[in-house]
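To keep things clear, I will list the structure first and then write my remarks on it.
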Amino acid sequence: AQSVSQHNHHVILSEAASLELGCNYSYGGTVNLFWYVQYPGQHLQLLLKYFSGDPLVKGIKGFEAEFIKSKFSFNLRKPSVQWSDTAEYFCAVTGFKTIFGAGTRLFVKA
Amino acid sequence: DTGVSQDPRHKITKRGQNVTFRCDPISEHNRLYWYRQTLGQGPEFLTYFQNEAQLEKSRLLSDRFSAERPKGSFSTLEIQRTEQGDSAMYLCASSLFVGLAKNEQYFGPGTRLTVT
C-alpha cells in the first residue's frame, strides 16, 4: 500500500537548535517528493521539492532535504531554527496521485 | 492575487443539508485537486481533474460527494445529505501538469465545513 510516514508528530526546539524531521514513504515507481509548510492561520505552501538529479535539495528559508532512495526517505533539515519556523510540516509523495504524511507540528521557543 | 481561491472559507450546515464549495485554480493550470483534511492529519486525496476530465476518485469519495469542472477552469465539490463525519477542511490545489515529473501543486486556503 502507498503510504507516507512522518516520524514525529510534535517537536519542540529552542531557537538556534538544529532541526531534522523524518519522512519515509512506500510507493512503487517513480515519485516526486515534497515538503509543504503550513504557518498558523495560513494555507499550505511548498517548502521544497525533489524531482530528479542531486538528492540534496534546498528550499526556501534555509531548509534542505535529502532524498535517500535506498532508505525510501526524504528528511527535512535546517541547521538553525527561528521562532518564525513554528508551523506544521507535511511530507508528500506524488506518483499518479499525491499522498501526504500526517504532519509534524514544530514549536520553536524564543 | 493569482493564487488558488476557494469559496466559502467557512460553512456551517445542519446534518442532512447539501453544500457546495467552489475552487478557482491558477488560470494556466490544467490540473485541479480536491483534498480533505481533518485535525491532526495530512490532506487526504479525494479526486482530481485534468482540464474538464475527472481522472481519479478516492474510495473516500462516497456517492454523496460529487465534483465537477465543467469548462476546465473552476471546480465545484458538492456534498449531499451531509453527516457530522463530513466536518473537515476541504482543500483545493492546482498544478501545471507537463508529464509525471514536476507536478507541483499550489493550495488554496480551504473551506472549513462544520456539520451540526
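Values quoted throughout were computed directly from the atomic coordinates according to the rules given, and no laboratory measurement underlies them. Values in this document were obtained by computation on a predicted structure and should not be read as measured data. Note: ideal-geometry Cβ built from the backbone for every residue, glycine included; neighbour counts use all protein chains shown.
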**Message:** Suppose each label sits 7 Å from its Cα in the direction of the beta carbon; what would the B:V98-A:H7 distance come out to in nanometres?
**Reply:** 3.5 nm
**Request:** Sequence neighbours fewer than 8 away in the same chain don't count; with that in mind, list the lysines whose C-alpha is under 29 Å from A:K49.
**Result:** A:K58, A:K61, A:K69, A:K71, A:K78, A:K97, A:K109, B:K57, B:K102
**Message:** Counting only other residues whose beta carbon sits under 11 Å from that of B:D7, what net charge do I get with K and R as +1, D and E as -1?
**Reply:** +2
**Item:** Packing rank of A:46-54, B:103-111, where each peptide gets the mean count of other beta carbons within 10 Å, highest leading
**Value:** B:103-111, A:46-54
**Request:** Post the alpha-carbon centroid distance, the stretch B:66-89 to the stretch B:1-59, in whole angstrom.
**Result:** 7 Å
**Prompt:** Under the definition of partner shielding as Cβ atoms of other protein chains within 10 Å of a residue Cβ, what is the mean value for peptide A:94-107?
**Reply:** 4
**Message:** Treating only the Cβ of Lys, Arg, Asp and Glu as charged (+1, +1, -1, -1), what charge dipole size does the protein assembly as shown show about its Cα centre? Round to the nearest 20 debye.
**Reply:** 320 debye
**Complete:** For the B:N18, B:S58 Cβ pair and Förster radius 25 Å, calculated FRET efficiency rounded to 0.05 is 0.80
**Fill in**
The extension gain from B:I26 to B:S66, computed as 0.36 nm times the residue separation minus the Cα-Cα distance, is 12.2 nm
